[in-house]
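Encoded as structure tokens, the structure appears first; notes follow it.
The values are calculated or read from the model by the stated rules, or taken from the named source; none is laboratory data. Note that the structure is a prediction, hence the values are computed from the model and not measured. Cβ placement follows ideal geometry from the backbone for every residue including glycine, while neighbour counts extend to all protein chains displayed.
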Amino acid sequence: MTMTTDTSRSRTHRGPAALRDVVPVALSIAPLGLVIGATARQVPVPSAANAAVAAGVFAGAAHLAALTALAAGAGVLTVLGTVALINARLLLYSAALEPRFRHQPRWFRWLGPALLIDQTYLMVTARDDLDDAAGFRRYWSVAGGALLASWVCAVGLGSALGPLLPPGTPLAAAAVVVLAGMLAPRLTTARPVAVALTALLVAVVAAPLPGGLGVLVGIGAGLVVGVLLDRGRR
């Protein structure tokens, strides 16, 4: 009886824990959301359509790359191909999280993956108390839903404030801030710190790359360092 009560209490605490974890992450991605909203006004893309894309795509780098491609006069197929290429990394995240989704209700297996982005993946893998299916489902739904809502709000605010922003808003700086927010939950031991520093430094150097690709290059560099460190420990 006590064990059942403790388990139920632990599950009910997943929601507040998810909200606490979301706050710093949401703040870290807000600059990029503002920039994407402002950029959409310059392309131009209607604010309502851009907000719908923000909710449906829910991927800052891909969204920004799509806007950049549209501004350059690219066709629909080129834009879709760019988005698919940038989001291909989510296939790796999906494979890693498949055991967490395997025994979930059907509705969650269909709807839950829509909340899969770099930030939500890092948030759940950084915690060691999400082994039970119900606890994971609660945490994932609350964290992902809150992050999606804050993201759409940031993009919408950027669209509203776009005409007031000075020209030449630093997209690269916003992207690096987002990368820092993605990595912050993992900075608990020496290995994640080394990976994070590598990713941030490379992202800064690669910042001039178009469409927010500097962030992806930084993430790739961090992954390489992580693999090398893992091999060194064997």
Open item on the list: Go through (1) at pLDDT 80 or above; (2) within 23 Å of the chain's Cα centre (by Cα) for Ser28 and report which single condition fails.
Closed with: (1)
TODO: Being under 17 Å from the mean Cα position of the chain (by Cα) and of a type in the set (Lys, Arg) is the filter here, so list the residues in the stretch 122-164 that pass it.
DONE: Arg127
Task: Selection status of Arg41, in contact (Cβ under 8 Å) with a residue 12 or more places away in the chain, in a helix (DSSP H, G or I), in contact with a helix residue (DSSP H, G or I) (Cβ under 9 Å, 6 or more places away or on another chain) and among the charged types (D, E, K, R) - done: yes
- [ ] Among the residues of the stretch 141-158, write down those that are within 16 Å of Tyr121 (Cα to Cα), free of Cβ contacts under 8 Å to residues at least 40 places away in the same chain and among the hydrophobic types (A, V, I, L, M, F, W, C).
- [x] none
Task: Residue among Val193, Val142, Val152, Val176 that alone is surrounded by fewer than 21 Cβ atoms within 10 Å (Cβ to Cβ), hydrophobic (A, V, I, L, M, F, W, C) and modelled with pLDDT under 85 - done: Val193
Task: Residues (part of a loop (DSSP other than H, G, I, E, B), over 15 Å from the mean Cα position of the chain (by Cα) and aliphatic (A, V, I, L, M)) located in the stretch 44-64 - done: Val45
Task: Inter-residue pairs, beta-carbon under 9 Å, first within 17 Å of Val152 (Cα to Cα) and in the stretch 60-80, second aromatic (Phe, Trp, Tyr) and surrounded by 13 or more Cβ atoms within 10 Å (Cβ to Cβ), 6+ apart - done: Gly60/Trp151
- [ ] Could you tell me whether any residue of the stretch 40-51 is closer than 14 Å to Gly158 by Cβ, in contact with a Gly (Cβ under 6 Å, 6 or more places away or on another chain) and not β-branched (Val, Ile, Thr)?
- [x] yes
